[in-house]
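Worksheet: one structure, shown below.
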Amino acid sequence: MNFIQTRGCDATKVKSVTFSEAILNPIASFGGLYVPEALPSLGEAFLKKHLNSSYKELASDMLSRFEIDIDKHVIDEALNLYDRFDNPKNPVPVVRVKENLYVSELYHGPTRAFKDMALQPFGVVLSSIAQKRDEHYLILAATSGDTGPAALETFKNRANVQVACLYPDGGTSDVQRLQMVTEDAKNLKVIGINGVFDDAQNALKRLLASDDFKSALKKKNILLSAANSVNFGRIIFQIIYHIHSYLELVRQGAILMGEKVYLNVPSGNFGNALGAYYAWKMGLGVEKIIISSNENNVLTKLIKTGKYDLRDLHVVSTTSPAMDILKSSNVERILFDMFGFERTKELMQDLESKNFYELNADELSKLQESFDADFCNGDEGKKYIKDTFYNNGYLMDPHTATCLKSYETCSNPKIKTIAYSTAEWTKFSPVIANALTGEVDAQDIIALESISKEAKLEIPAMVKALFTKPIVQKVVIEKEDIEKEILKFI
Ligand SMILES: *Cc1c(COP(=O)(O)O)cnc(C)c1O
């Protein structure tokens, strides 16, 4: 299957490209994104066939239906990375936490957050394409916390790829920072920046667009790519766990095959939610996808009013920082799917030039047939963490907690909900410690210990080990010096 472009095709690009091409060069004509020409239709026969399959068997068959230009042995090698999750037999446990409410836990991988679901296999796929083409790639990543560790972990010591990862010094949690600065491999460079996440992100965008930078790389025979969340090489692995979670409910006797469920997704850049939408279109029984946000609630407003409005809007820092996003990139793929490339181009150009677009009434009602949304503030989130769940025996992180408000306001309680849990408690421990015991501004190590004591949970060995590992990535620089630093590294 080939991939086409959400804003149509200009004269400089070809009309459709292979999967390999779309993941190596993810920016399409007019600044658009690549999407599959058509989604494979799986239907109930596929679901029935996989009722007793392992995660990897399901994944392998689903990916084969996309007919992408990646050899089966590479896909299988990529999927073997799910064996590094806590339980290789079931990398994504789905647990019932309340009458009709199930949590799909996407955080059991090596970096304790859901970015591993896609980035773990993606590293193998990208490295194998580079080797096959006999090319070398520099992968740039900018992170506010979760993408960086997951990207470093997956590309560590892989052939034909190097990674430069930019993070805001002081802008991530201790655990996230330690996961990056203790990564010791010749092909990885971690660079702290005196600034905020936007400075890192802007530097990355500038470098990706800079001809000077690209030609400096070319002299060393290196090409440039990015591992950001618009890359379809990540999205494709995010369809699988929605199908898996649904089948888990059937296996647990919670639903009958074909019965409809809500999928409730804590959203930032909309990759997770897009995976849910594609799974639905491919044949999953879904009533609606519910988009949960924090105080940065542009998505709630889009889905409730049809207006994507960034005018006079600034990102606010919240207790669920991985969702502190205003330009939610993957929404564009939904616009394309519903309204076509001409309209998508028009809307996205409005967003770029006016910081605003508005769907018409027909478009809004179409969007609302598939999606509903609500947002939750930090105090409400902490209440859900402590009163609603912890006191009833389940501990969740602040990103997952945003799903609870929309669960109450957007769903019919008679229909089952799968809510997605995107991070382990260890990753955002100061917020959770505050919710459970009231302690404020604790450092991660203190918060981890107090939660561990209070909730009688072991701190996972890989998290504990971070605090005694040597720090090997010591560079913290001004944003003006990023390019120089990266060129020195390669
Ligand atoms: C990245 C992330 C999200 C947001 O996911 P999107 O696919 O960008 O919508 C939510 N929670 C956590 C913990 C994350 O790391």
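The values are calculated or read from the model by the stated rules, or taken from the named source; none is laboratory data. Bear in mind the structure is a predicted one, so any value in this text is a computation, not a measurement. Cβ: placed from backbone, ideal geometry, glycine included. Neighbour counts: every protein chain shown. These accessible areas exclude ligands, DNA and RNA; they are computed on the full protein's heavy atoms, side chains included. Shrake-Rupley method; radii C 1.70, N 1.55, O 1.52, S 1.80 Å.
Listed values, structure above:
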read-out: Hydrodynamic radius of the chain per Kirkwood, over alpha carbon pairs, in Å; value: 22.9
read-out: C-alpha center-to-center spacing [the range 141-185, the range 347-395] in angstrom; value: 28
read-out: Surface share of carbon and sulfur [accessible, 1.4 angstrom probe, percent] for the range 204-243; value: 52
read-out: Protection-proxy order for peptides 131-139, 115-123, each taking the mean of Cβ atoms within 10 Å per residue, highest first; value: 115-123, 131-139
read-out: The range 188-305 - Rg and Dmax from Cα coordinates, angstrom; value: 19.6, 60
read-out: The range 326-422: trypsin sites (Lys or Arg not before Pro) in DSSP loop, at most 10 other beta carbons within 10 Å; value: LYS414
read-out: Accessible surface of the range 368-444 [probe 1.4 Å, protein heavy atoms]: carbon and sulfur percent; value: 44
read-out: Shape parameters for the range 355-456, alpha-carbon atoms, Rg then Dmax in Å; value: 17.0, 54
read-out: Coordinate range along principal axes, alpha carbons of the range 153-240, Å, largest first; value: 37, 37, 26
read-out: By average C-beta atoms within 10 angstrom, highest first, the peptides 295-304, 174-183; value: 174-183, 295-304
read-out: Cα-centre dipole for the chain with unit charges at Cβ (Lys and Arg positive, Asp and Glu negative), debye to 20; value: 780
read-out: Spatially close lysines, pair count over the range 329-455: Cα under 24 Å, gap of eight or more or interchain; value: 23
read-out: Rounded accessible area per residue of the chain, 1.4 Å, Å²; value: 40
read-out: Gap separating the Cα centres of the range 84-127 and the range 249-303, nearest whole Å; value: 16
read-out: Percent accessible area from carbon and sulfur atoms, the range 275-365, protein chains only, probe 1.4 Å; value: 47
read-out: Full-stretch length increase - LYS49, LYS484 - with 0.36 nm per residue and alpha-carbon distance subtracted; value: 151.2 nm
read-out: Cα-based convex hull volume of the range 1-57 per residue, rounded to whole Å³; value: 98
read-out: For the range 287-422, average projected area of the Cα convex hull in nm²; value: 8.6
read-out: 10 Å-binned pair-distance histogram of the range 248-298 (Cα, whole percent); value: 24, 47, 23, 6
